[in-house]
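To start, the structure under review is shown below, and the notes come after it.
The values are calculated or read from the model by the stated rules, or taken from the named source; none is laboratory data. It should be emphasised that the depicted structure is a prediction, and the values quoted were computed from it without experimental measurement. For neighbour counting, all protein chains shown are included, and Cβ atoms are generated from backbone atoms with ideal geometry for every residue, glycine included. The area values use the complete protein model at the heavy-atom level, side chains included, leaving out ligands, DNA and RNA. Shrake-Rupley method; radii C 1.70, N 1.55, O 1.52, S 1.80 Å.
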Amino acid sequence: MKHLLGIQTLDKTTIELIFETATEFKNVLNRPIKKVPSLRDITVANIFFENSTRTRLSFELAEKRLSADVVNFTASSSSVKKGETLLDTVNNILAMKVDMVVMRHASVGAAQFIADRTAAQVINAGDGTHEHPTQGLLDAFSVREKLGEVAGKKIAIIGDIMHSRVALSNIFTFLKLGAEVRVCGPATLIPRHIAALGVSVSHQVQETLAWCDVANVLRIQLERQQIKYFPSLREYAAYFGITKAMLDNLNKPIVLMHPGPVNRGIELSSDAADSPHSIILDQVENGVAVRMAVLYLMAQYRDKILAVSA
Amino acid sequence: MRIIPANQILIQNVLLIDPFSPWHRQYVNLALEQGYICQVSPVEQDLQISLQNFRIFPANGLSMTIGWFDLGAHFQDPGNEHKETLTSGCQAATQGGFTEVALLPNTQPVIAHKQEVAYILQHNQPSQIVKVHPLAAVTQDTAGKELTEMIDLIHAGAVGFTDGSKPLWNTDILLKTLQYLQPWDALLLNRPEDTWLAQLGQMHEGIQSTFLGLKGIPALAETLMVERDINLLRYAGGKLHFTQISASDSLPLIAQAKQAGLSVSADVSALHLTLTDENLHQLDTACKISPPLRSHIDREALWQALANHTLDVICSGHHPQDEESKNLEFDLADFGAIGLETFFGSLNTYAPQWLLEDAMLAKFTSAPRQLLRQPLPALREGEKANFTLFDPQKIWTVNEQTIFSRSKNSPFWGQQLQGKAVAVCHNGLWAELD
């Protein structure tokens, strides 16, 4: 794997290889000595043009557990827009002999843009409203871990589908692995042509919860909405928020997921987020293992290229 | 490109295509003197003049029409001369086979007063092979609020009125413009797009935009305005032309309005006839244009609408943007693609035989002139020479050697196209093209 830019261009075999590798790394992470030397000669730059605490931390931990040298760069997209271009910023960092770039950016295709124009290996850590591939992978990995397999499972993605890069990466990952996928949320937050991706659409949360084996609840991204898509958070919480009582009333086991950070009391009530249905913290733990697997497989690709050229 | 006086030149064996000429669809020899067509005769006959000192141009069966006319190009001059100047734009037009170009008013400042019209017109010198025709703004600063002094602008030489790439969103302004222009029989051109539905949109709303997670511009943004504008036209009277129709759903509305006898016309750009939203799958910013490239269903419908005369004109959609505006993250990149040089090649590559029918060639020769009430050149003896000579078979590559526009934002960059203008003649000048 040269880059990880999105799930749409990834095949099922590669996804499964990532999962097998992640399983190994998860074992490593549960050992007293959590570090392996796989990325010892590699320098990774985490370039975040958008605020992120957990994704950056998760990547940084994954890199350090693999013994990579790590540098971090954080800037707001708007300040970069006014001055240096994205390409210049990244080229400056690469001139300092960085091998891999983990990048989050507010623009769709930003990771692809860098991959096309520089020699670095690129991991997309979120490009605008497009993809967040490692999140898609770790979500599917977590479902697989919890339910044994993904194929045949009914996965609901609930919330702001339109502005969520997690939604697209989840849809692509789960469909490739043979799950059924349904998206649910206010009609204004569901792209008009989403069914063309092979998912069903609902606007009723209770009905969707009754249908699914797994409910992946997305964060309401008010900061990414430049246009008003629903009247108020109060109304959203009342009609699209999920409570523990709703989950308990289902009389069936259900797996509750959230990519974090949770807006408690809006898309999820606290008692739902903290309920036994929730695997939110398992997702966080798996995030490090899955990101280690991705970095490791990309380093393998790099070694192969270097071996050929040597 | 080599430009010399159109004097004492003999074009041998050319297929003359001009329904208004007695030589229509015949292979002829054609002699030029002092910028005029001095003699035309069938290839098998000798010319009746002495050809001593004549420069011979063997056309070897190439085709000739009256000079091509572009109904709406952005030249970015004044204001953004680093993207295109009047001179570089005219070179691009020549290279593309155009002898006349109507210029959209979206410059800085906007073409909204007689001095700005005069600035455009002063470029029409004896040394220029391409004639530019200024289209003036309907509203000050193209902001859609305050009308420009349109009568004054007509007298200054404006050939029509439009806010160019800015839609006339204010219904009252559109109504008043239609009424105000009627006594002058001047054409109002409007870009139909609902600015609310299109806000923050990056590309056509469809499956491709869903895959990419980009905010779409629904076809509805266009059809709603087409419908609104036709209703206003029915109420106010006058003449209305829709620029750059992109959506199939707009077409029945225009066809019905024409059937109802309204003075409505419409154009489509060569870009929308040859590309679709699928060209954006790698986020190529050269394909980020406004109105957006739509689906292949829309593209097919646009071709059909040309054939059945719902659409009257094919324009270049020429909109130069420099590298700093285009080599960016997709959502930060500006809209626009150059189109003058690739106009014929792209269309002819996409629909080789179709384009060469009389009715299709009229869409970028006679039809735009008739809409703007500009004189129609003719390929007859005694007429001022204004024609384009083209080779529908010629294969060429879009690159630094063939693109004369100051900007290089072509969706066809690096590609091979089939069909090219090889020479143009206008304003007493003859240009042999690269």
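Here are some notes:
- Converting phi to 3J(HN,Hα) with the Karplus coefficients 6.51, -1.76 and 1.60 and the offset θ = phi - 60°, the range B:98-112 yields 8, 10, 9, 9, 8, 9, 6, x, 7, 10, 10, x, 5, 6, 9 Hz in sequence order, with x at every glycine or proline.
- Fully extending the segment from A:Thr85 to A:Ala151 would add 19.5 nm, taking 0.36 nm per residue of separation and subtracting the current Cα-Cα distance.
- A Förster radius of 60 Å combined with the Cβ-Cβ distance from B:His24 to A:Thr188 puts the calculated FRET efficiency at roughly 0.55.
- Within the range A:252-279: backbone nitrogen closer than 17 Å to the A:Ser232 label point (7 Å, Cα to C-beta): A:265-267
- In the elastic network of chain A, a GNM with C-alpha springs shorter than 10 Å, the most mobile of A:Arg104, A:Arg165, A:Arg234 is A:Arg234.
- 10 Å Cβ neighbours from other chains, averaged over peptide A:108-121: 3
- Of the residues B:Asp46, B:Asp358, B:Asp277, the one that moves most in a GNM of chain B with alpha-carbon contacts below 10 Å is B:Asp46.
- In a DSSP loop and with at most 13 other Cβ atoms within 10 Å, the trypsin sites (Lys or Arg not before Pro) in the range B:1-103 are B:Arg25.
- Using alpha-carbon coordinates, inclination of helix A:12-29 to the longest axis of chain A, degrees: 80 degrees
- In the range B:201-235, burial by the other protein chains removes 10 Å² or more of 1.4 Å probe accessible surface, compared with the chain on its own, from B:Glu205, B:Gly206, B:Ile207, B:Thr210, B:Phe211, B:Leu212, B:Gly213, B:Leu214, B:Lys215.
- Interface residues of the range B:330-357, defined as those losing at least 20 Å² of solvent-accessible heavy-atom surface relative to the isolated chain (probe radius 1.4 Å), are listed as B:Asp331, B:Leu332.
- Chain A: radius of gyration over Cα atoms, expressed as a fraction of 2.2 N^0.38 Å: 0.99
- Take each residue of peptide A:130-143, count the partner chain Cβ atoms within 10 Å of its Cβ, and average: the result is 1.
- Computed from phi, the 3J(HN,Hα) profile of the range B:423-428 under the Karplus parametrisation 6.51, -1.76, 1.60 (θ = phi - 60°) reads 7, 9, 9, 6, 6, x Hz, with x in place of Gly and Pro.
- Annotation for B:Glu323 and B:Tyr235: the two label points, set 7 Å from Cα along the Cα-Cβ direction, are 5.0 nm apart.
- Cα-based reach from B:Lys176 at 18 Å (exclusive), listing aspartates and glutamates while leaving out same-chain residues under 8 positions away: B:Asp141, B:Glu146, B:Glu149, B:Asp152, B:Asp163, B:Asp185, B:Glu227, B:Asp229
- Separation of alpha-carbon centers, the range B:133-161 and the range B:68-99, rounded to whole Å: 20 Å
- The value for the range B:103-175 of Rg(Cα) / (2.2 N^0.38 Å) is 1.10.
- Cut-off 17 Å (backbone N to label point 7 Å along Cα→Cβ of B:Met1), residues of the range B:302-330: B:316-321
- Per residue solvent-accessible surface (Å²) - the range B:67-371, probe of 1.4 Å: 33 Å²
- Protection proxy ranking of B:376-383, A:170-177 - average other beta-carbon atoms within 10 Å, highest first: A:170-177, B:376-383
- Over all Cα atoms in the range B:141-201, the spread is summed up by Rg and Dmax: 12.2, 39 Å.
- Sparse packing (at most 14 other Cβ atoms within 10 Å of the Cβ) combined with a DSSP loop state is found for the following chymotrypsin sites (Phe, Trp or Tyr not before Pro) in the range B:3-42: B:Phe20.
- The magnitude of the dipole of the range B:131-282, with charges of +1 and -1 set on the Cβ of Lys/Arg and Asp/Glu and taken from the Cα centre, is near 240 debye.
- q = 0.05 Å⁻¹, chain B: log10 I(q)/I(0) [Debye, one scatterer per Cα]: -0.16
- Only Cα sites of the protein assembly as shown enter the Debye sum here, all with the same form factor; the resulting log10 I(q)/I(0) across q = 0.09, 0.10 1/Å is -0.88, -1.00, listed in q order.
- Helix content alone sets the calculated 222 nm mean residue ellipticity of chain B: runs of n ≥ 4 DSSP H residues at -39500 (n - 2.57) each, divided across all residues, give -7000 deg cm²/dmol.
- Averaged over its residues, the range A:138-251 has an accessible area of 41 Å² per residue, based on protein heavy atoms and a 1.4 Å probe.
- Summed buried accessible area for A+B [probe radius 1.4 Å, Å², rounded to 100]: 1800 Å²
- Distance between the C-alpha centres of the range B:178-243 and the range A:1-46: 50 Å, rounded to the whole angstrom.
- Take each peptide in A:283-295, A:15-27, count the other Cβ atoms within 10 Å of every residue, and average; sorted highest first, the result is A:283-295, A:15-27.
- Helix B:171-181 axis, angle to chain B major axis (alpha carbon atoms, nearest 10°): 30 degrees
- The distance from the alpha carbon centre of the range B:262-334 to that of the range A:95-143 is 30 Å, rounded to a whole number.
- The string of couplings for the range B:123-140 from the Karplus curve (6.51, -1.76, 1.60, θ = phi - 60°) is 6, 7, 9, x, 7, 9, 6, 9, 9, 9, 10, x, 9, 9, 6, 7, 10, 4 Hz, one whole number per residue in order, with x for Gly and Pro.
- Student exercise, the protein assembly as shown dipole from Lys, Arg, Asp, Glu Cβ charges, in Debye to nearest 20: 1400 debye
- Remark: the B:Ile151-B:Glu33 segment gains 38.6 nm on full extension, using 0.36 nm per residue and subtracting the alpha carbon distance.
- Under a 5 Å amide H cut-off, with hydrogens placed 1.01 Å from N, B:Arg55 pairs with B:Ile9, B:Leu10 among residues at least 5 apart or on other chains.
- Förster-model FRET efficiency, 45 Å R0, A:Leu250 and B:Ile297, C-beta, rounded to 0.05: 0.60
- Expressed as a whole percent, the accessible surface of the range B:67-371 that belongs to carbon and sulfur atoms is 53, based on a 1.4 Å probe.
- Computed from the alpha carbon atoms alone, the convex hull of the range A:33-172 holds 129 Å³ per residue.
- Where Cα atoms sit under 29 Å apart: lysine pairs in the range A:45-161 separated by 8 or more or lying on different chains: 5
- Calculated log₁₀ intensity ratio I(q)/I(0) where the Debye formula runs over C-alpha points of the range A:133-283, q = 0.14, 0.15, 0.20 Å⁻¹: -0.59, -0.69, -1.32
- Residue among B:Gly336, B:Gly96, B:Gly216 with the largest mean-square fluctuation in a Gaussian network model of chain B, springs linking Cα atoms under 10 Å: B:Gly216
- Dipole magnitude of the range B:148-231, debye to nearest 20 (Cβ charges: Lys/Arg +1, Asp/Glu -1, about Cα centre): 200 debye
- Protection proxy ranking of A:180-190, A:2-12, by the mean of other Cβ atoms within 10 Å over each peptide's residues and highest first, is A:180-190, A:2-12.
- For the pair B:Asp172 and B:Asp249, a Förster radius of 30 Å applied to the C-beta separation gives a FRET efficiency near 0.70, rounded to the nearest 0.05.
- Carbon and sulfur %, accessible surface of the range B:1-40 computed with the full protein complex present, 1.4 Å: 52 percent
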